[in-house]
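J.: Quick one: this structure, given as structure tokens, is what I'll be asking you about.
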Amino acid sequence: MIVFAAIVPHSPLLLPSIGKEHRSKLACTVTALEEIEQALYLAKIDTICMIAPHSTRYPDAYSINLVEKYAGNFQTFGDFSTTVTAQSDFLLIDHIQRRMREDSVPFTLTTNAELDFGFGVPISLLTSHLPAWKLIPVTPSMLDGKSHYEFGAQLKRILHAENRRIAVIASADLSHKASDAAPGGSTPDGIAFDKAVVEAASTNNPQALFSMSNDIVDGVSQCGYRPIMTMLGAINEMNITPKKLCYEAPFGVGYLTVRYDVQ
């Protein structure tokens, strides 16, 4: 059953080995992630279903990466020592893919043992105290937000019927044009996009996000809209208490952290 959910950013600057002195500018987010990490531990999570946007994506199909064991590193960002590993929740992934196909949901499996940083950063920061946890790594499609919300609702029907304790986490950065600190500066659409997502996520009310055009969503250089819509779909019609822990954009990219406690 789903017992916890969250939205977290995945900037490599959040890792001490990469962010170094710049990490102090992300103090609010770092503190928020520490709270999420503790909440996952207290919730006795068995499996994390994480939706992250940077793996291979298909125009019209959602996907889950299925291998026995995953591993990731951050060598691309100059860190040659930090690594992450995770065990696959193999049986539950197989159950998901069978149900999705039975229900004619556009869905496919991929096979890649390497985790990208969209998964790796949250795993590194959130799971150090979790014993024997397993991973379901989900990648969104290029379909619209409402379609992802409906896909999330399909996931919920499967996950919430399980005996194991499951957390659904959206690994999601918002607009890369959210403040004047961005390389290209901010844009009105970038600022408005982040404001709308923060409001919808903080109140667990996605209706305002359904009407966002793909031109706006894709034009603000974000990577979090579809993971967030999937996560919100996965907790739809549940008794949820949302709590916005932090929103900041010190480098021009919107970083949002929200926890959702299941009552």
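The values are calculated or read from the model by the stated rules, or taken from the named source; none is laboratory data. As the structure is a computational prediction, the values presented were derived from the model and not from experiment. Neighbour counts run over all protein chains shown; Cβ positions are idealised from the backbone, glycine included.
J.: Given the criteria surrounded by fewer than 18 Cβ atoms within 10 Å (Cβ to Cβ), assigned to a helix (DSSP H, G or I) and polar (S, T, N, Q), does residue 83 qualify?
T.: No: the conditions fail for residue 83.
J.: Here's something else I'd like to know. I'd like the full set of residues that are under 16 Å from the mean Cα position of the chain (by Cα), of a type in the set (Gly, Ala, Ser) and in a helix (DSSP H, G or I), limited to region 8-38.
T.: Result: 32, single match.
J.: Then there is this: State whether one or more residues within region 218-230 are hydrophobic (A, V, I, L, M, F, W, C), over 20 Å from residue 252 (Cβ atoms) and touching a strand residue (DSSP E or B) at 6+ places or on another chain (Cβ under 9 Å).
T.: yes
J.: If a residue has to be part of a strand (DSSP E or B), surrounded by fewer than 21 Cβ atoms within 10 Å (Cβ to Cβ) and in contact with a Pro (Cβ under 9 Å, 6 or more places away or on another chain) to count, how many in region 39-69 make the cut?
T.: The total comes to 3.
J.: Would you point out which residue out of 110, 127 is polar (S, T, N, Q), at pLDDT 95 or above and touching a Ser or Thr at 6+ places or on another chain (Cβ under 8 Å)?
T.: One residue alone meets the criteria, 110.
J.: Which residue is surrounded by the most Cβ atoms within 10 Å (Cβ to Cβ), if the candidates are limited to region 1-31 and must be small (Gly, Ala, Ser) and closer than 14 Å to residue 121 by Cα?
T.: Restricting to residues being small (Gly, Ala, Ser) and closer than 14 Å to residue 121 by Cα, the top hit is 11.
J.: Of all the helices (runs of 4 or more DSSP H) wholly in region 167-263, which have at least 3 residues that are within 16 Å of the chain's Cα centre (by Cα)?
T.: Hits in region 167-263: 188-203, 225-234.
J.: Still on this model: Of all residues in region 91-147, which are assigned to a strand (DSSP E or B) and either buried (at least 20 other Cβ atoms within 10 Å of the Cβ) or not charged (D, E, K, R) (or both)?
T.: Matches in region 91-147: 107, 108, 109, 110, 134, 135, 136, 137, 138, 139.
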